[in-house]
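Novice: Below are the structure tokens for one structure; questions will follow.
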Amino acid sequence: MPIITLPDGSQREFAAAVTVADVAADIGAGLAKAALAGRIDETLVDLTTPIESDASLAIVTARDDDGLHLIRHSTAHLMAQAVKQLYPEAQVTIGPVIQDGFYYDFAYERAFTPEDLEAIETRMAELAKAATPIARSVLSRDEAVEFFNNLGEAYKAEIIGDIPAGETLSLYEQGDFTDLCRGPHVPDTGRLGHFKLMKVAGAYWRGDSSNAVLQRIYGTAWTSKKELKSYLNRLAEAEKRDHRKIGKALDLFHLQDEAPGMVFWHPPGWAIYQTIEQHMRKRQVERGYKEIRTPQIVDMSLWERSGHADKFGDDMYSLTSDERQFAIKPMNCPCHVQVFNQGLRSYRELPLRLAEFGSCHRNEMSGALHGIMRVRGFVQDDGHIFCTEQQIQSESAEFIDFLHDIYDDFGFTDVIYRLSTRPANRVGSDESWDKAEKALADALDAKQLPWQELPGEGAFYGPKIEFSLQDCIGRVWQCGTLQVDFSMPGRLDASYVDDNGERQTPVMLHRAILGSFERFIGILIEQHEGRMPLWLAPNQVRILNITDRQREFSEKLEKTLLDQGFRVQTDLRNEKIGLKIREATLQRVPYMLVIGDKETESGMVSVRTREAREFGPLDITSLVNGLNQEIATRGRTQLEG
């Protein structure tokens, strides 16, 4: 007589063993219809799973995160079934769930075409409409190898052959298709109606370049037509905002094969970069940071002592000179400790806040590179705070305030907070990790900020708060970090003299706000679709004359604005004013000053925005004051006529 405890604490008693589906039906017909699976004592199981003794049970529906995962997992099987029906010679391999969807790898004699994807998707819809039951069965390892070999599925048989002998494996059958899978799955294909196949890409079998190249079909699946449509709209919007396309159109930067993962900044892009750097420099000085600069190439022994060589050695660029091995620095923290170590430090100097726009290089996998969002050479707005244990929470709270101010300057108000705690592979004592994790949690709680824990996701030397930004189309970008480090200062012999004249090891807070300049600029480009706010725009004002009679006035106006520190260009070409306005608009110039005979005679200017708003006439003083006000407020106020 099993007693089932539900999530709300209520209990239901049954006279004999029941399945998860039976319990859902006992609760109500609505839940029975919506149920996809169950979670028994934290283990996700199929609806047909029997419950023979007392247990805790949660019914999983499409509203749950687990439910969406199940739908995507089952849709991957649905796609494989459709492929096998349409192309019987294709062999199935693996098909996991990924962010926002799934993929499945196939071995097939020819490349799948867009027309093939349409046909597969149509067949998937037919199979979903049939609402075929999905049934679980078990076989021994050897029986499963024989089963898939008999089907001609050599790749599946190879996977199973690597599983230890004696293991019992689960298979899932839906109509004429059977696949190896741990499960669970939705109860029938009728639960799978909202999907879209996205693209085909190549993939090596088991990720090994010496193996055969397979075809990977990517798809997405959602719980409703509305959610699917919303996702596809977001993808279309993201495509329109792609920083690589906009960067090329606006001549901001380029990348090329001779320097993979390294950015060539063009004058307009470098203007954005320098504006951000100067702004960050000014704000850091206001917050008590001292800017430093450390070497690019450092003896490998330092990275061995810090622990980075052991942890990140494969990602580090190295070279040999004078029979010594050096590394091009992948991060700045060990070098900052070297600056701290120069001279005898007193507790009166703490907290000591050091900052560097540090150039770093990491040997990222070529397949992971993505425009300027994921590169091999990048610059961090890096900072390290050396402090006492008693100062950790106050310094953490002060940094959180600083970070919010900066994000607000750039127009980001939606921030997500996550606390990553100790990983299995780490340095330092459990006691020090307890202190560090508590200090960060207390700092977030003191600010009354909502946060979630990411168990095991901390750095090898300490826990961290991850600060992520949500952009205008709902994407989340992890940018800022704050990490508490009790380990590295001691490993690198950092110390200070306390108020009793005794040497102590400082705590080191690693912090960044933007992350890397390259990635952050990519985020800004996509956030604004290249329409940078005035203070960041590489060309803030474009002066457009109507005829050559206004040349002299236009040139004088350009000099006046340049002397005021604005980034100004003048278009004096013998072209129609409509063409000049169109080109300036396409180049996302915030303000265009249209100069005709009337403006020349009056000394006033007519203003047009890239959004086609027109106003004026304005005198030069009012124009300058208005532009300066908009820049000073980071776009919170705008020029008015």
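Novice: When the chain is fully extended, how far beyond the present Cα-Cα distance does SER224 get from ASN625, taking 0.36 nm per residue of separation?
Specialist: So the extension gain works out to 139.2 nm.
Novice: Another question, if that's okay. Give me the three principal axis extents of the chain from the C-alpha atoms, as integers in angstrom, largest value leading.
Specialist: Principal axes ranked by extent give 92, 75, 59 Å for the Cα atoms.
Novice: Show which lysines lie in cross-link reach of LYS464 when reach means a straight Cα distance below 29 angstrom and same-chain residues fewer than eight apart are skipped.
Specialist: LYS464 reaches LYS282, LYS290, LYS311, LYS329, LYS435, LYS438, LYS447.
Novice: Below 8 Å, C-alpha to C-alpha, sequence gap of six or more: please give me the relative contact order for the stretch 3-61 in percent.
Specialist: 42
Novice: Direction-averaged shadow area of the convex hull around the Cα atoms of the stretch 113-242, nm²?
Specialist: 10.2
Novice: Let me ask something else. On a 22 Å Cα-Cα criterion, which of the cross-link pairs LYS33/LYS196; LYS129/LYS229; LYS199/LYS240 come out too long?
Specialist: With Cα atoms farther than 22 Å apart: LYS33/LYS196.
Novice: Same structure, new question: Give me the distance between the Cα centres of the stretch 205-227 and the stretch 592-641, rounded to whole Å.
Specialist: 52
Novice: A further question on this structure: Given Cα pairs under 8 Å that are at least 6 residues apart, what percent is the relative contact order of the stretch 476-601?
Specialist: 24
Novice: Once you treat every alpha carbon in the stretch 541-632 as an equal point and sum by Debye, what is log10 I(q)/I(0) at q = 0.12, 0.20 Å⁻¹?
Specialist: Log10 of I(q)/I(0), two decimals: -0.31, -0.93.
Novice: Based on the Cβ-Cβ distance from ARG12 to LEU319, what FRET efficiency comes out when R0 is 60 Å, to the nearest 0.05?
Specialist: 0.30
Novice: In 5 Å bins starting at 0, how do the alpha-carbon pair distances of the stretch 491-547 split up by percent?
Specialist: Going out from 0 Å in 5 Å bins, the stretch 491-547 shows 4, 12, 12, 12, 8, 8, 7, 7, 9, 8, 5, 3, 2, 2, 1, 0 percent.
Novice: If you don't mind, another one. Tell me which GluC sites (Glu not before Pro) from the stretch 130-199 have a DSSP coil assignment and no more than 16 other beta carbons within 10 Å of their own.
Specialist: GLU167
Novice: How much length, in nm to one decimal, is gained on full extension between GLU286 and GLU146, taken as 0.36 nm per residue of separation minus their Cα-Cα distance?
Specialist: 43.3 nm
Novice: Moving on to the next point. Can you check how the C-alpha radius of gyration of the stretch 180-222 compares to 2.2 N^0.38 Å, as a plain ratio?
Specialist: Dividing the Cα Rg of the stretch 180-222 by 2.2 N^0.38 Å gives 1.55.
Novice: Where a Cα-Cα gap under 18 Å defines reach, which lysines qualify for LYS576, not counting those fewer than 8 residues away within the same chain?
Specialist: Output for LYS576: LYS598.
Novice: Given the C-alpha atoms of the stretch 1-155, compute the convex hull and give its volume per residue in Å³.
Specialist: Spread over its residues, the Cα hull of the stretch 1-155 gives 144 Å³ apiece.
Novice: Let a ≥ b ≥ c be the square roots of the eigenvalues of the Cα gyration tensor of the stretch 3-61; is it rounded (a/c under 1.5), or, if not, prolate (a/b larger than b/c) or oblate?
Specialist: Judged from the Cα gyration tensor, the stretch 3-61 comes out rounded (a/c under 1.5).
Novice: Using a 10 Å cut-off on Cβ atoms, rank the peptides 501-508, 296-303, 79-86 from the highest mean neighbour count down.
Specialist: 79-86, 501-508, 296-303
Novice: Using the Kirkwood radius over C-alpha pairs as Rh, can you work out the diffusion coefficient of the stretch 256-360 via Stokes-Einstein at 10 °C, viscosity 1.306 mPa s, in µm² per second?
Specialist: It comes out at roughly 97 µm²/s.
Novice: Taking 0.36 nm per intervening residue step and subtracting the Cα-Cα distance, what contour gain separates GLN390 from SER209 on full extension?
Specialist: Full extension of this stretch gives 60.0 nm more.
Novice: Expressed as a whole number of Å, what is the distance separating the alpha-carbon centroids of the stretch 368-442 and the stretch 321-339?
Specialist: The two parts, judged by their Cα centres, are 22 Å apart.
Just so you know, all these numbers are worked out from the coordinates, no wet-lab data involved. Quick caveat: nothing in here was measured; it's all calculated off a predicted structure. All Cβ positions, even for glycine, are placed from backbone atoms using ideal geometry, and neighbour counts span all protein chains on display.
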